[in-house]
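See below for the structure under consideration.
The values are calculated or read from the model by the stated rules, or taken from the named source; none is laboratory data. Keep in mind that this is a model prediction, so the values were computed, not measured. Note that we place each Cβ from the backbone using ideal geometry, even for glycine, and neighbour counts take in every protein chain shown. Side chains are part of the model used for accessible areas, which takes the heavy atoms of the whole protein and leaves out ligands, DNA and RNA. Shrake-Rupley method; radii C 1.70, N 1.55, O 1.52, S 1.80 Å.
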Amino acid sequence: MSAFIRALRLVNFRNYADATAILSPGLNIVVGDNAQGKTNLLEAISFTATGSSPRTPNDPEAVRWGQDFARTEMRVVLDGDGSEGEERKVAVGYAPGQKKRLSVDGAPAQSLAHYAAGGAGVRVVTFFPDDIRIVKGAPSDRREFLDALLSSLRPAYSRAIAEYAKAVGQRNQLLRRIRDGFSSEKTLATWDRKVVQLGSEVLRGRERAVGPLGELFGEAVRTLYGPEKAAIAYSYSATLEGYAEALREAHRADTERGNTSVGPHRDDFAVLFGGVSMTTYGSQGQQRLATLALKFAAREYLRGETGRDPVLLFDDVMSELDEERRGYLSGYFLQSTQAVISTTNLEYFDEEVLERARVLRISGGAISDATRGGAGRAARERGTA
Ligand SMILES: Nc1ncnc2c1ncn2[C@@H]1O[C@H](COP(=O)(O)OP(=O)(O)OP(=O)(O)O)[C@@H](O)[C@H]1O
Ligand SMILES: [Mg+2]
């Protein structure tokens, strides 16, 4: 069995002053009215597992209003069977203006990249309603999805992405200086080399992933949506082999624009149902299902690459689905190593599903256990509640 999260504590995180959530393996349902803290709780789990918020790059937003720091802690059971197994304690502390502190069993984490790529003991796959922009939105939204997935797999990828972005920024500055007559074109070659070297690392990472990911996406669409043949098609602004040359060929145009026009920061992928682009032609429901299918594919991909099931954090996923699909998802979550799902309405779940799930009720930033069935009893007997 794979790792799962046993408990989470939030201090000054969003609307939580100080709250603790006990979680079970399998399905955990977070229920509450609007604006009580459901999304914030899922965000906190992801924040603690990866060291960053999945919703905002702006850490100060997560600090409870009027407070000067936020801290979250988690107990992770590594390869346990639910009652035993080695436990890891991880924590993320953040005070605006200071460096974020990540710790694993009391010792500072090696790096954010390392912590985010499994260093915390669990990987997560998140779904927030706004993620529909991966399908519907701009190429940058789709690239971000790929990059986040690959960064959660390997620290080297996230470092390459960050360094590549920096190198492109510096090349752009140089392009403007050349355009304005402050530098000569000869200086460009050095930056081209650097950009190609880092960009190739990014491209190689993506190239390895998109094939299998596309297969898994096709399978997920078949189960979620229908027999339509679904695929993702990566489009290169420059392929790996032609990269250096494409960049050279773009010198003139790039200098005029002051901008780097080829490389992985300009790539995109198409999300296709039956050959039709869901970005351009998808209905709201198709776009939502395609987004879900991408997340399922991400989960399977991580599972295949690491041998471990990531924890699923799905926010308000049931609300726009029909009954049959809700039933399918309930089963999917029950069978996963661990899933934390939020909803405003428990009626989206069958009685027998509720019997087997842990239920957490959220009200004004307070968490209470509302488990009714066997899962709660069993957990209490095991002493995890
Ligand atoms: N930094 C913060 N400090 C304090 N409160 C915050 C902070 N950030 C967000 N909030 C508040 O937390 C409350 C709960 O937000 P959250 O998004 O978790 O609600 P929710 O339970 O998911 O509701 P919904 O069902 O509408 O999605 C909101 O009223 C929001 O304004
Ligand atoms: Mg919400």
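Residue count for region 163-185 under the criterion of being hydrophobic (A, V, I, L, M, F, W, C) and free of Cβ contacts under 8 Å to residues at least 40 places away in the same chain: the result is 3. Y328 fulfils the conditions (1) in contact (Cβ under 8 Å) with a residue 24 or more places away in the chain; (2) in the same structural domain as L213 (by TED's automatic domain parsing); (3) in a helix (DSSP H, G or I) except for a single criterion, (2). Taking G285, is it open to solvent by less than 30 Å² (accessible area, probe 1.4 Å) and out of contact with any helix residue (DSSP H, G or I) (no Cβ under 7 Å at 6 or more places or on another chain)? Answer is no for this residue. Restricting attention to region 241-263, the residues being touching a residue at least 12 places away in the same chain (Cβ under 8 Å), assigned to a loop (DSSP other than H, G, I, E, B) and open to solvent by 40 Å² or more (accessible area, probe 1.4 Å) number 1. Of the set (1) modelled with pLDDT of 95 or more; (2) open to solvent by 20 Å² or more (accessible area, probe 1.4 Å); (3) assigned by TED's automatic domain parsing to the domain that holds G211, all apply to S183 but (1).
Here E73 clears all of (1) open to solvent by 20 Å² or more (accessible area, probe 1.4 Å); (2) assigned to a helix (DSSP H, G or I); (3) touching a residue at least 60 places away in the same chain (Cβ under 8 Å) except the condition numbered (2).
In region 96-109, the residues that are closer than 19 Å to P57 by Cβ reach residues that are surrounded by fewer than 16 Cβ atoms within 10 Å (Cβ to Cβ) and at pLDDT 95 or above with C-beta atoms within less than 6 angstrom, at least six apart or across chains, in these pairs: P96/P60.
A search for C-beta distances below 6 Å between a residue of region 340-352 that is within 16 Å of ligand 2 (Cβ to nearest atom) and open to solvent by 30 Å² or more (accessible area, probe 1.4 Å) and any residue that is assigned to a helix (DSSP H, G or I) and hydroxyl-bearing (S, T, Y), counting only pairs 6+ apart in sequence or on different chains, returns nothing.
Consider only pairs whose beta carbons are under 9 Å apart and that are at least six residues apart or on different chains; among these, list those whose first residue lies in region 38-65 and is basic (K, R) and open to solvent by 10 Å² or more (accessible area, probe 1.4 Å) and whose second residue is more than 16 Å from ligand 2 (Cβ to nearest atom) and at pLDDT 95 or above. Short answer, once both residue conditions are applied: R64/V11; R64/N12; R64/A17; R64/A70. The condition of being more than 12 Å from ligand 1 (Cβ to nearest atom) and more than 27 Å from L334 (Cα to Cα) holds for only one of A49, A109, that being A109.
Of the residues making up region 93-101, none is touching a Phe, Trp or Tyr at 6+ places or on another chain (Cβ under 7 Å), basic (K, R) and surrounded by 17 or more Cβ atoms within 10 Å (Cβ to Cβ). Restricting the first member to region 25-36 and to residues that are under 21 Å from V353 (Cβ atoms), and the second to residues that are of a type in the set (D, E, K, R) and more than 8 Å from ligand 1 (Cβ to nearest atom), the beta-carbon pairs closer than 8 Å and six or more apart or on different chains are G26/R356; G26/R358; L27/R356; L27/R358; N28/R358; I29/R358; V31/R361; G32/R361.
Checked against the criterion of being within 16 Å of ligand 2 (Cβ to nearest atom) and among the aliphatic types (A, V, I, L, M), region 81-100 contains not a single residue that satisfies it.
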